Amino acid sequence: MKRSILLLATLGPVSAAYAQSSVTLYGLIDAGISYVNNSKTDTGGSGKLYKFDDGVALANRWGLRGTEDLGGGLKAIFVLENGFSVANGRLGQGGALFGRQAYVGLSKGGIGSFTLGRQYVFSTDYLGKEYSTGGLTVAGNYGYHVNDVDQLLAGRINNAVKFVSTNFAGFEFGALYGFSNQAGAFAGAPGTGPTATGGSSRAYSFGLNYAAGPFGMGAAYTDIHFPGQSTPPFSTLLANVDPAGAGGQIRDLRTYGIGGRYRFGGATVWALWTNTRLEALTGAATTYNAYDTGGKYALTSALTGSLSYTYTQMSNSFSGHWNQINATLDYAFSRRTDVYLLGIYQKASGSNGGTPVQAQIGNSTSFFNTSGSGATNQLAARLGIYHKF
């Protein structure tokens, strides 16, 4: 349960003329035990891994969210959100204090909000959260597509200005622009490659979402110029998803997609497609198509089960295929505390520049992103608990 603290003006006597501000402290902690076979060992071979893992169903966080009523339907708003590991207490997002989100802005009733800071792209807001296996089930970060190449999990942009409309008869839309913050490089790094470290590359994102009754549908487009320049780094593991091994030398990451869901009775079904293109400084571009479909059903008022399938295809100069099946059970003790069980199987095939494509469950080094000895399949299981406050 979110807890609110009312803050009154402190300069001079308190008067009814002073507008009240509210600040909400909130957070989430997820922890559990995971198992995966064919996991990479220190010597490069394969072995069974039993691992304490956290932030899987939902990423660990704590944050502050505030509003101030300025009158006439106008409000000042802000969010400061920290990511961390409950396993060791370390900061997430490359060690940034508020690496998940950090922004301030204004909102106006009947129009929308305009905010400035480190913020999510609409591929995350409208597609990842609303229409993907990772966002709709406790498969979470194990269920998102290979290496989060399509930015469904954590597409965060530095130096961003963002507008999100109010809801108009079920429709909502928005636009985001992230500044490069480099002199003479309004549209991103100049020349043939990155010329500075730190800061954010140029980025922009657009999104449209419709939700009415049991039906929802959304679309998003995101383009990130020189994503390797961002600090903290993007969720995408560029060295893994770029077949040429360009890593920070990727000139452009462009992704778009469309998704939908429908609820009937205790069931929800969904489908999502994304197309992502990685353009390196030299050589051919690489394209990823990801297809995500599944359903979940409330077996009781507290117990929900889900079954879903994701398929990711890498094409152009290289070929790769990842087929993944996800199954979950989630039991809610209350509105704030759940225990869950998940099982995932992934089969990889194809060639990445002559090297066999490996299984890569999860999307970052916190999870299982590379199999040992080039294994083309992995099976993962997890028992976990998460608590919201």
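Could you please give the count of residues in region 87-105 that are surrounded by 14 or more Cβ atoms within 10 Å (Cβ to Cβ), farther than 25 Å from Y221 by Cβ, among the hydrophobic types (A, V, I, L, M, F, W, C) and out of contact with any Pro (no Cβ under 8 Å at 6 or more places or on another chain)?
Number of matching residues: 3.
With respect to D125, is the statement that it is surrounded by fewer than 21 Cβ atoms within 10 Å (Cβ to Cβ) and either part of a helix (DSSP H, G or I) or modelled with pLDDT of 95 or more (or both) true?
Working: surrounded by fewer than 21 Cβ atoms within 10 Å (Cβ to Cβ): no; either part of a helix (DSSP H, G or I) or modelled with pLDDT of 95 or more (or both): yes.
In short, no.
For the list (1) surrounded by fewer than 24 Cβ atoms within 10 Å (Cβ to Cβ); (2) touching a Ser or Thr at 6+ places or on another chain (Cβ under 7 Å); (3) in contact (Cβ under 8 Å) with a residue 40 or more places away in the chain, I need the number of the one condition that D69 fails.
Here D69 clears every test but (2).
I'm checking my understanding of the structure. Among residues of region 252-279 that are in contact with a helix residue (DSSP H, G or I) (Cβ under 6 Å, 6 or more places away or on another chain) and more than 16 Å from S205 (Cα to Cα), which one is surrounded by the fewest Cβ atoms within 10 Å (Cβ to Cβ)?
R261
The values are calculated or read from the model by the stated rules, or taken from the named source; none is laboratory data. Note that this is a predicted model, so its numbers are computed, not measured. Cβ sites come from the backbone with ideal geometry, for glycine too, and all protein chains shown count toward neighbours.
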